[in-house]
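Heads up, the thing below is written out as structure tokens.
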Amino acid sequence: MITPTLSVEAVSHAYGARQALDSVTFAVEPATFAVLLGLNGAGKSTLFALITRLYATQSGRIRIFDHDVRRASGEALRILGVVFQSRTLDLDLSVMQNLLYHAALHGIRRREAQTRADEVLARIALKDRAHDKVRNLSGGQMRRVEIARALLHRPRLLVLDEPTVGLDINSRADILRYVRQLIATDGIAVLWATHLIDEVADNDHLIVLHQGQVLSDGPLSRVVDDCGATNVRDAFARLTRSEHLSGDTE
Amino acid sequence: MNSTISDRQRAISVVSPHSGFSPGQFAICLKGIVWRESLRFLHQRERFISALVRPLVWLFIFAAGFRQVLGVSIIPPYQTYILYAEYITPGLIAMIQLFNGMQSSLSMVYDREMGNMRTLLVSPFPRWYLLCSKLIAGTAVSLLQVYAFLLIARFWEIGPPPVGYLLVLPALVLCGLMLGALGMLISSAIKQLENFAGVMNFVIFPLFFASSALYPLWQVREGSPLLYYICEFNPFTHAVELIRFALYAQVNWLSLAVVGGCTVLFILGAILAYDPSRGFLARRGEAAGTA
């Protein structure tokens, strides 16, 4: 039996009277690309805030490998790479300075951090921009830097919250391709939250989140078959009883 | 069963070769946070200039104007009559640190709105340690500003005895931490950047004017006993007095106790406010952004 990289067990979360998550349960296996698909307001960002310990879990349990995010948050966060929906780079610092700051926040020595930063920047083809201010990068380049930063401490799980929002079609495709490659090259697991159906691929693990509840969870083919649909778009519409699919051609 | 356990152990050993952080790694984290705050400060030249201009305007214009109006009798720690400019210098030093603390608070609100704060909060180091490191970084920046101000004032022959420059350092560190922690606590309660103007009106001005920064408290008492008691209870008054006495190689024990106590209180409050399970932020559902 393989220990899941991420396991979310009966997690509920409320903001006062508003229930944002209701008994959410799913697991992400190692070296898997899992898509958390949901419309805006489904609870994806709340779930990310819980996985990253920005909020404490009110009920249920979240584990990264065997580390409980609530009880052993340090160990859990240590093997977690995060890309948030909003930009979190310091625009007034250079790309390299942002990376070195992140490395320090993980206790990585300066020399080692410099080496790793050079490596990750080479992988995203931005080594020549290392000393440019982040402010001068394009939206797609900033996203790539954020992904590079999330990989700097060599996490085993990478979670990305709507990372392609606001990017053009080419940048979206580049980023998606790069993150999928990481599974093959680094063996990490990825949890990719999105509301864009065209970002789901045939071999992905799909988790459909709607109004704070998981409606379906499993390999894409099984999710589609289970609801008698012909494709992911149809499956999503049937599951959510929604005619309107948000921005799949954004 | 055995193979399941061994698989699990192998998986864990692969992902976490060692647990916890060494003291060296804690030091790297602190150094990184101080380095980042210093870089930000140096990049914002306007912030540095305004941090200096503000107290210098008070020193060279306000103090000169009121020199003949406001007489200062011999009060501890002074052993002789002093110029009014000399009297308000400790208050202006504390003002620099007060503004710096509030500036840090403003930048925390901004970072939270922009998302930068999450970079800090998802670090695997303990939350209390990250916040204390940020406080230390803010205090270090305020020290730069204070010594730059003291250097300029020295050219106008306003300043303490030479040894005071060294002896005031621990007082500055403590006051910087107290005012930074106050700013951090306030930042946790401010939801939007636009609300920050209220901080100016309801925090900075009352703290500064209801203190011994600009006038000795015995003079305040003659004018208004009520205001005198308010000043006495104002922690900023004690920050000013702690700095004033330290500049003249003396310790004001009462002020030391008040500033020390308030520092601990404010830091604990800020840690609590930023704690994911108890803090204000989680209750407001703020960090998640759009869900």
So which of A:Phe48, A:Phe33, A:Phe26, A:Phe65 is within 30 Å of A:Asn136 (Cα to Cα) and in contact (Cβ under 8 Å) with a residue 12 or more places away in the chain? A:Phe48
Any chance the stretch A:105-114 includes a residue that's more than 8 Å from every other protein chain (Cβ to nearest Cβ), part of a helix (DSSP H, G or I) and touching a helix residue (DSSP H, G or I) at 6+ places or on another chain (Cβ under 6 Å)? yes
In the stretch B:204-236, what count of residues is obtained for those that are touching a residue at least 40 places away in the same chain (Cβ under 8 Å) and crowded, with 18+ Cβ neighbours inside 10 Å? 9
Working carefully through the options B:Val264, B:Val258, find the one that is more than 12 Å from B:Cys175 (Cβ to Cβ), out of contact with any Gly (no Cβ under 8 Å at 6 or more places or on another chain) and surrounded by fewer than 23 Cβ atoms within 10 Å (Cβ to Cβ). B:Val264
Find all pairs meeting these conditions: Cβ atoms under 8 angstrom apart; at least six residues apart or on different chains; first residue within the stretch A:181-195 and acidic (Asp, Glu); second residue in a helix (DSSP H, G or I). A:Asp186/A:Leu151
Can you find a residue that is small (Gly, Ala, Ser), more than 14 Å from chain A (Cβ to nearest Cβ) and part of a helix (DSSP H, G or I) anywhere in the stretch B:113-134? no
Residue in the stretch A:32-49 that is nearest to the other protein chains (Cβ to nearest Cβ), counting only those that are in contact with a helix residue (DSSP H, G or I) (Cβ under 8 Å, 6 or more places away or on another chain) and in a strand (DSSP E or B): A:Leu36
Inside the stretch A:214-231, can you point out the residues that are over 18 Å from the mean Cα position of the chain (by Cα) and surrounded by fewer than 17 Cβ atoms within 10 Å (Cβ to Cβ)? A:Ser221, A:Arg222, A:Asp225, A:Asp226, A:Cys227, A:Gly228, A:Ala229, A:Thr230, A:Asn231
Which of the numbered conditions does A:Ile62 fail, given that it passes all the others? Conditions: (1) within 9 Å of chain B (Cβ to nearest Cβ); (2) crowded, with 18+ Cβ neighbours inside 10 Å. (1)
Please pick out the residue among A:Thr25, A:Thr52 that is hydroxyl-bearing (Ser, Thr, Tyr) and more than 10 Å from every other protein chain (Cβ to nearest Cβ). A:Thr25
Give me the residue from the stretch A:65-77 that is acidic (Asp, Glu) and within 7 Å of chain B (Cβ to nearest Cβ) and, out of that set, nearest to B:Val122 (Cα to Cα). A:Glu75
Residue satisfying condition, being more than 21 Å from B:Val251 (Cα to Cα) and not acidic (Asp, Glu), within set B:Gly180, B:Gly159: B:Gly180
Pick from A:Asp198, A:Asp202, A:Asp234: which is within 26 Å of A:Gly166 (Cα to Cα), at pLDDT below 90, part of a helix (DSSP H, G or I) and within 19 Å of the chain's Cα centre (by Cα)? A:Asp198
Could you tell me whether the stretch B:169-185 includes any residue that is touching a residue at least 24 places away in the same chain (Cβ under 8 Å), buried (at least 18 other Cβ atoms within 10 Å of the Cβ), part of a helix (DSSP H, G or I) and within 14 Å of chain A (Cβ to nearest Cβ)? no
Tell me, please, whether a residue that is aliphatic (A, V, I, L, M), in a loop (DSSP other than H, G, I, E, B) and touching a residue at least 60 places away in the same chain (Cβ under 8 Å) can be found in the stretch B:241-251. yes
Do we find that B:Ala197 is over 25 Å from B:Ala63 (Cα atoms), without any contact (Cβ under 8 Å) to a residue 24 or more places away in the chain and small (Gly, Ala, Ser) in this structure? yes
Against the definition (touching a Lys or Arg at 6+ places or on another chain (Cβ under 7 Å) and either part of a helix (DSSP H, G or I) or not acidic (Asp, Glu) (or both)), how does A:Leu91 come out, yes or no? yes
The stretch A:105-136, subset more than 22 Å from the chain's Cα centre (by Cα) and among the basic types (Lys, Arg), residue surrounded by the most Cβ atoms within 10 Å (Cβ to Cβ): A:Arg129
Please indicate, with yes or no, whether at least one residue in the stretch B:81-91 is at pLDDT below 90, more than 14 Å from chain A (Cβ to nearest Cβ), more than 21 Å from A:Arg87 (Cα to Cα) and out of contact with any helix residue (DSSP H, G or I) (no Cβ under 9 Å at 6 or more places or on another chain). yes
Can you report the number of residues in the stretch B:213-239 which are closer than 15 Å to B:Ile96 by Cα and assigned to a loop (DSSP other than H, G, I, E, B)? 2
Just a yes or no: is a residue in the stretch A:12-29 among the hydrophobic types (A, V, I, L, M, F, W, C) and touching a Phe, Trp or Tyr at 6+ places or on another chain (Cβ under 8 Å)? no
Looking only at the stretch A:1-56, and only at residues there that are over 16 Å from A:Pro219 (Cβ atoms) and of a type in the set (Phe, Trp, Tyr), the one that is surrounded by the fewest Cβ atoms within 10 Å (Cβ to Cβ): A:Tyr15
Looking at this structure, is B:Leu106 more than 14 Å from chain A (Cβ to nearest Cβ) and in a helix (DSSP H, G or I)? yes
Number of positions in the stretch A:78-96 that are touching a residue at least 60 places away in the same chain (Cβ under 8 Å) and either at the interface with chain B (Cβ under 7 Å from one of its Cβ atoms) or surrounded by fewer than 19 Cβ atoms within 10 Å (Cβ to Cβ) (or both): 5
If you go through the stretch A:132-150, how many residues are assigned to a helix (DSSP H, G or I), touching an Asp or Glu at 6+ places or on another chain (Cβ under 8 Å) and either among the hydrophobic types (A, V, I, L, M, F, W, C) or within 14 Å of A:Gln97 (Cα to Cα) (or both)? 2
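The values are calculated or read from the model by the stated rules, or taken from the named source; none is laboratory data. This one's a predicted model, so the numbers in the text were calculated from it and none came from an experiment. Methodologically, a virtual Cβ is constructed for each residue, glycine included, from the backbone with ideal geometry; neighbour enumeration extends over all protein chains shown.
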